[in-house]
Amino acid sequence: FSDPFLNRRRASDFIQSDTRLRGITQERMRERSKAHYEHQRELCEDYYPCEMYAYRHGYPAAYKHYFGGRRRTK
């Protein structure tokens with residue numbers, strides 16, 4: 001017959017794996033819902049001249065200088 005109760009080690013393993021998966025899910029949700037300024041900063045960090053400009057003038061000014069005035073049309 002099978003025992004309906006788990007021993008402590010197996011119970012802890014089960015709970016830890018569940019909380020780890022929950023943490024991964026929450027992190028992915030945070031990545032999808034980034035603030036507008038975070039997207040701008042990441043775009044600026046990926047472009048070296050923008051990043052260097054940001055060290056001197058700040059990320060908002062650097063983003064505006066390199067990406068702010070351009071309108072893209074298809």
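Details
- Rounded to the nearest 20 debye, the dipole magnitude of segment 34-73 is 280 debye, with +1 charges on Lys and Arg beta carbons, -1 on Asp and Glu beta carbons, and the Cα centre as origin.
- Spin-label proximity, residue 36 to segment 44-64 - amide N less than 17 Å from point 7 Å beyond Cα toward beta carbon: 44, 59-64
Coordinate-derived values only; no laboratory data. Quantities reported herein were computed from a predicted structural model and do not represent experimental measurements. As a convention, Cβ positions derive from the backbone with ideal geometry for all residues, glycine included, and neighbour counts pool all protein chains shown.
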